[in-house]
Amino acid sequence: MQRHDRAFTPGKSSAPRAGAAFTLIELLVVIAIIAVLAAILFPVLAQVREQARKAACASHLKQIGVAFALYTQDYDGGYPNTGDPYLWVGKRWRWPLMPYLAIRQRQGTDFSNQGGTTSILLCPSDTLSGTGFDATSYGYSACFYHTPEQINALRIRNLRLALNDPGPGVVCVTQSEASVAFPAQKILVGVVQQSRRRADLPWATGAR
């Protein structure tokens with residue numbers, strides 16, 4: 001068998017051919033494709049994350065609703081009423097419900113908590129309440145501790161004043177499941193808007 005050795009030719013380079021590497025144009029095309037895919041996928045991923053946050057928020061509201069149901073069973077059908085006209089505020093109404101939410105917190109000054117925060121009372125999409133409102137995103141409708149006559153006397157244009165500055169002499173009246181007018185049209189607990197500056201929150205009073 002004959003052996004044929006490749007002859008070495010001086011002056012010739014053994015480097016790979018230029019065509020085996022990416023050219024600048026090819027690299028730019030790859031970058032453009034990645035950018036297009038990212039532009040398509042990022043909004044989809046953001047929607048998936050928001051749907052997950054909505055599902056978590058709905059789960060929180062369900063647990064809170066169960067806590068209210070347990071409370072009314074123990075108090076002859078009556079809804080929470082501490083005599084506080086500001087009871088609709090999350091950091092205030094939560095205290096009568098604490099035993100039913102299985103939350104171990106101690107009430108401090110100005111209705112603050114001394115036992116840490118809990119995710120049940122915080123909507124995952126609420127970026128403000130976690131630090132500014134003592135980790136409570138949800139409000140308690142005032143129609144469950146005011147009479148229907150008191151609620152119907154409110155006006156939407158004065159709603160902010162009615163909720164935030166009820167004034168002296170305001171009487172909170174415990175409402176039972178039977179005394180709440182039009183219960184199918186009422187929202188017991190809902191997410192307070194993150195800005196907390198708008199006055200158009202009719203559900204917060206239960207106004208028809």
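The values are calculated or read from the model by the stated rules, or taken from the named source; none is laboratory data. As the structure is a computational prediction, the values presented were derived from the model and not from experiment. All Cβ positions, even for glycine, are placed from backbone atoms using ideal geometry, and neighbour counts span all protein chains on display.
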So, in segment 76-100, exactly how many residues are of a type outside the set (A, V, I, L, M, F, W, C) and touching a residue at least 60 places away in the same chain (Cβ under 8 Å)?
12
Going by what's in this entry, would Leu70 be described as at pLDDT below 90 and more than 20 Å from the chain's Cα centre (by Cα)?
no
Counting only residues that are surrounded by fewer than 18 Cβ atoms within 10 Å (Cβ to Cβ) and among the aromatic types (Phe, Trp, Tyr), which one in segment 73-94 is modelled with the highest pLDDT?
Tyr75
